[in-house]
Every structure is written in structure tokens, then in C-alpha cells.
Amino acid sequence: SHKTLLCPNFPCRCPIARQICQTSDFLTASPQRLSLLAFTTEIILDYDMRLSWQVLSLGLLASVVPSAIAVSWGFRDATVSVQKKGAGVGAGVQEKILENKRLPQVIKLGEPYTLKVTLTTQEGESPKKPHQAFLQLKDPDTGLDISYPFSVKDNGKARLELMQDDLPIQFLRSLHPFDAEVIIGSFGSSVAYHGTAFSLQIERNTAAPIPSPEAERYGKLKEIRHIFNPSAKSPPIIVTLVFVVVVLAASPILAGIWVFLGANLNHLPVAAKSAPLPHVIFVGSIIGLEGIFFMYYTCWTLFQTLPAVLAVGSITFFSGSRALSEVQGRRLAGLR
Amino acid sequence: MRWFLSFLFLGFWGAVHALSLGPSLTPKLLLDFLKKEGNILLGLSGKAATPTAINSLLQELEIYLPLGRSSVVVDHFNYDTLSAAEKHDVLLLPRPTSLRQGVKSFFSGDGILAIPRAVGQSLGIASPLIAPILRAPETAYPSSSKDDDIFATGTQLALISALQARNSARFTVLGSVEALEDKWFSAHVKGPKDQKQLPTVNREFAKQLSAWAFKETGVLRVGEIKHHLSDKDGAIVGDMNPKIYRIKNDIAFHIELSEHGFDGWVPFDVPSDDALQLDFTMLSPFYRLNLTPKASTKNSTIFGTSFTLPDQHGIFSFRINYRRPFLSNIEEKHEVTLRHFAHNEYPRSWEITGAWVWVTGLWSVIAGFLALVIIWLYSAPSSTAGVRTKKIQ
């Protein structure tokens, strides 16, 4: 029976994949020496979303041209271990990765630990030293990748040791596990291998601050808006009104005290009869001066006010001398 | 005069051939050429080692090449099976997309590029002036006769990189000068996973690359800059571009920008995640505002914003400092004076409700004075008052 393929292009647009979908031979995992087909089937059936399209297409390509089976690179006898420096071989975590496959567990790498990966590279089935044997770490969040070369002996045995110090700063900031991919390739017609071997999670000492790469880049900066000083505010209007009433209350109290002390306007007709014009002009000009002050308070400038004051003031002076001499007359007559 | 002539000469000539610089074309001369706003496109080839003069020049610019030996970028996954089935040194890659979000891309498009025998460059991280135009695929690495430690691999290797100096002079390093050969303009290539042959787009990419490298594309120009006092509807009050404003005035600012495309000046569109920003500063920015496009003419876009001037008086400047990878730099500075309130621009005392107490005090005193004058002039002594005071004595 057919098994369901998880094709990374949805819907399957690649003509090869569609052909393979319909072929039942491919889907039955044959236990023969076609290890390529075997591992491809395994990976296809793995529902992990981080399927490498290149690995899939390698297998598909190989199966479409069965007559000229291209030899392809791969690895076997791979182990990945995490150990503290100086500890024995048995301590720490150690996992075996099956041939050209992927380890399901996540390997954790803490601060003082060393990650050690050993494998044997092979071309087809025979161990051989390739020109390129890298372990590539890829950050799924940012897409950044970095490759570390294995040191490979002529018999294909390769090893690599990594510590947290060897990792770039951007990788230390990531919270998700990385894909650790093995890249094995060389010159010639053998098909190169690029597949995820395991997932690596960096465990940082959370007390230490995350280092950040300091580099200036041109781009949009944050907006700045000036914060104004708070404008002056008056107290609530009811407070003001209470005190206005208090101030205004002084005037009737003063008037009352004057009345109590005997203030009156009895001499007004007397003064009006003896010197009417000077008195009218005098009192009028005093009121006029206050009026000029009111105009200055509301809208006049000093240059408009001073001539008016000069004019009205001189009227006050001349009319005042007449009016006050009349008052003096009343005083000398004993009426005041 | 000599410098002017050499600028013209090298400007028309364009590319500087990499294999031998000659004794008179020193790195210092090339840097001086850049300082005079000349552009340089440098083509390298993996077939020969790069001369030390070029290496030292590029080190000045923070572009690092493998030292000494000849080194070629190979990729066992993205190579041309027709021409480089054994050596894998002809790389097949798609045209690059934009460098990051918010940066306009001048080199993107469909198709496959063939990059034969490229010299990989590693870019320094500190400088904001350099940017990779074309990065190697993630499985690529530099291979040379002496396989000592590899200085960069994968997407950290740039096949074509560019430097734009602060005066907008451009220095482009093309890792594979063979990619510009006629043979590769009309070649057909087939990758290890392709089923049929595909044509290359080296011709179109070369057009894009040379247009950018010699300042035909990616050039910005400032038209008019206008600022004015505005009323509450945004209309202009008074003159355009006055030299002096008052604190807390509402003003509007507009700048006209054009971009040079293949066919002349066109309106400039800021990329979507990016923004053209106006700084209103005195020693440090009081405002940094994003300018939005308000209108556009046939050749330009007018960006503008409006805001309230700060409540600090002094000499301020409107600054536009727009520097982005692959776009020429815009730097504008216009000074204005901000004066404080004049003595007659404050609110009057009766408008301040807290002052009403003193205003009523003032006018009640004046009223009392007038009453006192009238009473003093016309009051007759009262007998009862006199009796009271006499009694107290």
C-alpha cells in the first residue's frame, strides 16, 4: 500500500516527485544495497518539518536513473558526545547517529562542556577522505550559518571538537535549537551529502548578560518627540472665586466704617454753587486719569499713555488749583 | 588640474584590471580617486593570486581576500555540470534578493547566474560602509593549492562586495571577472539537480551591477527644501523658509527627493520598512520624525511632516541624514533661530484665572481712592462724629 509522502512543495510541482509519488517500487523500502533509497524513505516518512530538500532530491535523482547509480558521499559510525574537559570518556552524554540519518534527541551544550563529533566519511560504501567535510550550524530564527571543518584522516575518520567559545555571538543569543548539518563533498561526479545530523541547544549561564555584537549599521532610528514643560496652571476656579469674594467684601466694610464715622456729601451743593466748573473738571480729570490707567492696563502702550497722562494731568493741575482754593475757602470759613 | 584630469580618465575607463597595477597606480592614488568622488569597479580572478598592492588596498576598506595564493570558491552542490563537472568551480546561484528588510535591492530578478572561478571576500563587521552584493551559497568554501585554515565559508563569503564611501564614491569588488565574458552572457548551464539546461542571466546582472557601480542607479538628489509657519489647517502663514521662529510655533517641513533610475530622475520611494527621518536639533535632537510622502511630481516625491517647535529657544537646525546601503548619501542641514516669547505674547492677566484675586484687589483700591477723593472734597463735618471723638479725648 502507498505511504503518504510529505513533499516540501505543496502542491507537488516538481515533475520528479510526482513521478515518484505514483511509483510503488520506490515506496517499498528494499533491504538491498540501495542504502540511498532506504535513507531517503526514512527521511520522507519523518514528519519533522526541517526536512532537507536537497537530501530528498538526491535520493529521487538517484532513483530515477537506476542504470547509472551515482556514487554518493555519506557517513557512518558517527557519534556525538558532550563532555567536560578532563572527565573520562564515559562521563557526559554520548549518542550514536545512524548512518546518514538524524538523531531524534536534542543535544545540549553548556558552558564548560565540549561537543565532540566523530564519524567516518565514505564514498558509496568505502571509507575515503573528501575535500570538504564540514559541520554546519544553522540558526532557524535568523538564517545565519557557520561551518566548522572536520579534521579528516586518509582513512576517512573525521573528528571535530567545539566549545561554546567557538560559537559566534549571534548564536549565543538564540533560544531555539540549531540544526547541525553534515556537509561532505569532493571534486568529481560523486554526489555530495548535506543532511541534518542532530539538533544542538546552547545552554547559557543565564546570570551572565547576553553579549551583543557591536556594529554600526545604517537604518531607521527611533522617533524622538520633545516633551514640553508643563504649562502653568491656575488653581480651581472655585478657590479663586472665594478669595475674590473676600477681597470684594472689604469695600462695603470700608464704606460702612466711613458712614459710621460721619462721611457725607453735604458740601457738594455748596461747592457747586461757588465754583462749579473747576470742581467738575477737577473730579472729571481724576476719573479720567484712572480711565487712562484702565486703557493702559488693557490695550494702550506706554507711548500712547504718556501723552494722555500729560494732557489730562495738566488739566487736573490747573482745575485743581481753583477747586482746592475753593475748598481752602471753606476751611478758612470754619466749615470743615 | 592633474587630479581633475585623472578623475575624468579613470571615470571613463571604469574598470581597473586586476592582474598588474603597475608602479604608478598605487593604492594611495586609488584612494585619493575615491576621495574625489570617482567610482571604481575592481575585477578579480581566481586563476591568479591577487597582487599584494590590491590586497593592502582592500584591507584598508575592510574587505579581506585570501593572502598570497590563488584561491577559488568551490561548491559541490551548486556547480555547473557542463563546464565544471570535475573542479566544481563554476557556481550557479540565483540573483540576490535585498540585503535585509528595508534596504532596496538593485540586483534582484529571476534566473541563474554563472560565477566561474571567483575569489571569495570576507567583509569586516565593524564598517557600515561595506555590504555584500552577492553572497556565496551556504555550502561554498574557498579552495586553494595550499589548504590551510579556511578564512570564511558559506554565506559569510561574498562573491561581489561593495563599498560606498561617505562622499558616495563607490568601490565594487567583483570576485569573478570571467562572469562578464561574452561566453557566459549567453551560456547554458545545468546544475547537479537540474533536469535540463538553463540560460544564464549574466548579461542582465552585469547591466545592473555596472549601473550601480558607476552611479547610474541608486543615486538620490535633493530638490527643494521648504519650511514654514502653519496655522491649524496646515496652510502657510507668512514667508516661506523664514530665518526665525518663535518657540511652540506649529511648522511644516517639506523636502523633495528624486532617484536616478536607468532612464533619468524618477520619484523616490522609501522602502516599506525604512523611513526618511528629519532631525530638529540643537546639540542633540529634540525631534526625530518620519517624513511621509505628501505629493509627487514627474521627477520627484515631496516628503513632509508638521510638528510643534520645542519650548527651548536657541539656534536649531533641520537635519536630514539619510544613509542606506546601495543608495547615495543625503546630508542636509538648515539652521533657524528660535526666539522666546516677546513681552506682549504672553496671556493677559485677566485671562489667568488665578490672577483674578489681585485684579479685583487692584480695581477695588482704585474705586476706593475715587470715593475717598470725592468724600474728602465734599464732606461736611458731622456733629455726632465730633462728639464721639471729643469724648474719647
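The values are calculated or read from the model by the stated rules, or taken from the named source; none is laboratory data. For clarity, every value in this text was computed on a predicted model and none was experimentally measured. FYI the Cβ positions are ideal-geometry reconstructions off the backbone, even for glycines, and counts take in every protein chain you see. Note: accessible area is taken over every heavy atom of the protein model, side chains too, but ligands, DNA and RNA are not part of it. Shrake-Rupley method; radii C 1.70, N 1.55, O 1.52, S 1.80 Å.
Once the 1.4 Å probe is applied to the protein heavy atoms, region B:219-344 comes out at 49 Å² accessible per residue. In straight-distance terms, cross-link reach from B:LYS226 covers every one of the aspartates and glutamates whose alpha-carbon lies under 16 Å from its own, apart from those fewer than eight places away in the same chain; here that gives B:ASP239, B:ASP250, B:GLU256, B:ASP279, B:GLU331, B:GLU332, B:GLU335.
Ranked from highest to lowest mean number of other Cβ atoms within 10 Å per residue, what is the order of the peptides B:119-132, B:357-370, B:217-230?
Ranked by mean Cβ neighbours within 10 Å, highest first: B:119-132, B:217-230, B:357-370.
Amide H contacts of B:SER176 (H built 1.01 Å from N, in plane; Pro and chain starts excluded): B:LEU44, B:VAL119 sit under 5 Å, all sequence-distant by 5 or more or on other chains. Here the sum of -39500 (n - 2.57) over DSSP H runs of 4 or more residues, divided by the residues of chain B, equals -6000 deg cm²/dmol at 222 nm, to the nearest 500. Converting phi to 3J(HN,Hα) with the Karplus coefficients 6.51, -1.76 and 1.60 and the offset θ = phi - 60°, region B:361-378 yields x, 4, 6, 5, 5, 5, 5, x, 5, 4, 4, 5, 4, 5, 5, 5, 5, 10 Hz in sequence order, with x at every glycine or proline.
If you take each beta carbon of peptide A:143-155 and count the beta carbons of other chains within 10 angstrom, what is the mean?
That average works out to 3.
Take each residue of peptide B:200-209, count the partner chain Cβ atoms within 10 Å of its Cβ, and average: the result is 0. Going from the chain on its own to the full set of protein chains, region A:193-218 has these residues losing 30 Å² or more of accessible surface (heavy atoms, 1.4 Å probe, no ligands, DNA or RNA): A:HIS194, A:GLU216, A:ARG217, A:TYR218.
Amide H to amide H, with H built 1.01 Å from N, B:GLY102 comes under 5 Å of B:ASP273, counting only residues 5 or more places away or on other chains.
The mean number of partner chain beta-carbon atoms within 10 angstrom of a residue's beta-carbon across peptide B:285-293 is 3. Among the trypsin sites (Lys or Arg not before Pro) in region B:307-387, those located in a DSSP loop and surrounded by at most 14 other Cβ atoms within 10 Å of their own Cβ are B:ARG348. In this structure, the residue pairs whose Cα-Cα separation is over 29 Å, taken from B:LYS28/B:LYS333; A:LYS108/B:LYS146; A:LYS101/A:LYS138; A:LYS220/B:LYS333; B:LYS87/B:LYS183, are B:LYS28/B:LYS333; A:LYS108/B:LYS146. Taking amide H as placed 1.01 Å from N in the peptide plane, B:LEU157 has its amide H under 5 Å from the amide H of B:ALA136, each at least 5 places away in sequence or on another chain. Other residues lying with their Cβ under 10 Å from the Cβ of B:ARG95 contribute a combined charge of -2, Lys and Arg counting +1, Asp and Glu -1.
What is the interface area between chains A and B, defined as buried accessible area summed over both chains with a 1.4 Å probe, reported in Å² to the nearest 100?
Result for this pair: about 6500 Å² buried.
If you take all other residues with their beta carbon under 13 Å from the beta carbon of B:SER210, and give Lys and Arg +1 and Asp and Glu -1, the sum is +2.
An oblate overall shape is assigned to region B:26-110, the ratio a/c of its alpha-carbon gyration tensor axes (a ≥ b ≥ c) being 1.5 or greater and a/b not exceeding b/c. Would you give the gap between the C-alpha center of region A:202-263 and the C-alpha center of region A:103-182, rounded to a whole Å? Answer, in whole Å: 62. For region B:114-183, trypsin sites (Lys or Arg not before Pro) meeting the loop criterion (DSSP other than H, G, I, E, B) and having at most 14 other Cβ atoms within 10 Å: B:LYS146, B:ARG166.
Taking θ as phi - 60° and the Karplus parameters 6.51, -1.76 and 1.60, the scalar couplings of region A:238-245 work out to 5, 4, 4, 5, 4, 6, 4, 5 Hz in sequence order, x denoting glycine and proline. Applying the criteria of a DSSP loop state and at most 12 other Cβ atoms within 10 Å to the GluC sites (Glu not before Pro) of region A:113-173 yields A:GLU125.
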